[in-house]
Amino acid sequence: MRQTLLFALLALALATAQAHARLESAVPPADGTVTYSPNEIRLTFSEPVEPALTGIALTDAAGKKVATGKAAVDPKNGAVLVVPLPQPLAPGTYKVAWHAVAADSHKTTGTFGFTLKP
Ligand SMILES: [Cu+2]
């Protein structure tokens, strides 16, 4: 029954790998253009994320950090992180560098940009 054990281990390894929080979608959309200053940034992950260990750094085209409010998980969906933007953004290009920790404690990171062109 050695083969059964190997299959069980393989299935476990695959299940663990899939529990990483991948970014599935964002508002504003990754590499997209918006015509209004968003009042929040929403990131939808493939898995629920730990709010205390998940967040973003928002920078403008010059690489200057843009102030954001406290990131929180959407009460209706633990896989959605909501980051309020207390100040309206000036037109331009922005970069979102995100980091997320899923329930399995694995960390994932990524970046995407969006453009505000009113
Ligand atoms: Cu994981």
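The values are calculated or read from the model by the stated rules, or taken from the named source; none is laboratory data. Only a predicted model underlies this, so the values are computations on that prediction, with no experimental measurement involved. All Cβ positions, glycine included, derive from the backbone under ideal geometry; neighbour counts span all protein chains shown. Side chains included, ligands, DNA and RNA excluded: accessible areas come from the protein's heavy atoms. Shrake-Rupley method; radii C 1.70, N 1.55, O 1.52, S 1.80 Å.
Tabulated data
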quantity	calculated
Within the range 33-118, strands (runs of 3 or more DSSP E) holding 2 or more residues that are free of Cβ contacts under 8 Å to residues at least 60 places away in the same chain, aliphatic (A, V, I, L, M) and touching a strand residue (DSSP E or B) at 6+ places or on another chain (Cβ under 8 Å)	40-45, 55-60, 72-74, 77-84
Qualifying residue in the range 29-43 (condition: of a type in the set (Val, Ile, Thr) and modelled with pLDDT under 95)	no
Identity of the residue in the range 25-78, charged (D, E, K, R) and within 16 Å of the chain's Cα centre (by Cα), that ends up most open to solvent (accessible area, probe 1.4 Å)	Lys70
